[in-house]
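One structure below.
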Amino acid sequence: MSISPTGVLIAILPCNDLDASEAFYGRLGFVRSDAGSASSSQPDSYRMLSNGGGGFLHLTQAVEGWLVPGSNPFGLYLQTEDVDEICAAFQGELIGAGPEDKPWGMYEFALSDPDGTLVRIGWPTRRHPR
């Protein structure tokens, strides 16, 4: 039996510092979609972000000791046409070189978020206007 679900897949990313992570992803256009909806008596340990273009990211407070600096196994991929513009906004924070065509057919570059999560930003090479 094959299941053919419809819906959206959303990454839930553990973070040591929710404020720092929210600020980082805010620079990539992701903002809280639940601002003001949570009761102030609830712990602030989960944040839902979206970019208004169909991208969603949920941030959750990591269990202490779970994310070890330099050993974060998580990664995200943001597929967007705005590769060069985003790269320019993050100059000095890149992992390696700026955007380049990769053998797997993507024009991309990489960043690291405040917890060391790998964040690749790219667009299919064949569709990238240059």
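Okay, residues lined up against (1) of a type in the set (Gly, Ala, Ser); (2) on the phi > 0 side of the Ramachandran plot; (3) modelled with pLDDT under 95:
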| residue | (1), (2), (3) |
| --- | --- |
| Gly53 | yes, no, yes |
| Leu57 | no, no, no |
| Gln61 | no, no, no |
| Gly65 | yes, yes, yes |
| Phe74 | no, no, yes |
| Phe90 | no, no, no |
| Leu94 | no, no, no |
| Ala97 | yes, no, yes |
| Pro124 | no, no, no |
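Results for (1) surrounded by 14 or more Cβ atoms within 10 Å (Cβ to Cβ); (2) more than 14 Å from the chain's Cα centre (by Cα), shown as yes or no for each residue.
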position	(1), (2)
Thr6	no, yes
Leu18	yes, no
Glu22	yes, no
Ala62	yes, yes
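Quick check, is Val83 within 12 Å of the chain's Cα centre (by Cα) and modelled with pLDDT of 95 or more?
So Val83 does not fit the description; no.
Just to be sure, is Phe109 hydrophobic (A, V, I, L, M, F, W, C), under 19 Å from Gly55 (Cα atoms) and in contact (Cβ under 8 Å) with a residue 24 or more places away in the chain?
yes
Give the range 68-100 a look and list any residue that's aliphatic (A, V, I, L, M) and either in contact (Cβ under 8 Å) with a residue 40 or more places away in the chain or under 16 Å from Phe24 (Cβ atoms) (or both), or say none.
Leu76, Leu78, Val83, Ile86, Ala89, Leu94, Ile95
Looking at the range 70-94 only, could you name the residues that are among the β-branched types (Val, Ile, Thr) and either over 25 Å from Arg126 (Cα atoms) or in contact with a Pro (Cβ under 7 Å, 6 or more places away or on another chain) (or both)?
Across the range 70-94, the qualifying residue is only Val83.
Suppose we filter the range 75-129 for residues that are open to solvent by less than 80 Å² (accessible area, probe 1.4 Å), hydroxyl-bearing (Ser, Thr, Tyr) and assigned to a strand (DSSP E or B); how many remain?
Looking only at that region, the number is 2.
The values are calculated or read from the model by the stated rules, or taken from the named source; none is laboratory data. Not measured: the values here are computed from a predicted model. Quick reminder, even Gly has a Cβ in these numbers, built from the backbone with ideal geometry, and neighbours come from all protein chains shown. Only protein heavy atoms, including side chains, enter the accessible area calculation; ligands, DNA and RNA are left aside. Shrake-Rupley method; radii C 1.70, N 1.55, O 1.52, S 1.80 Å.
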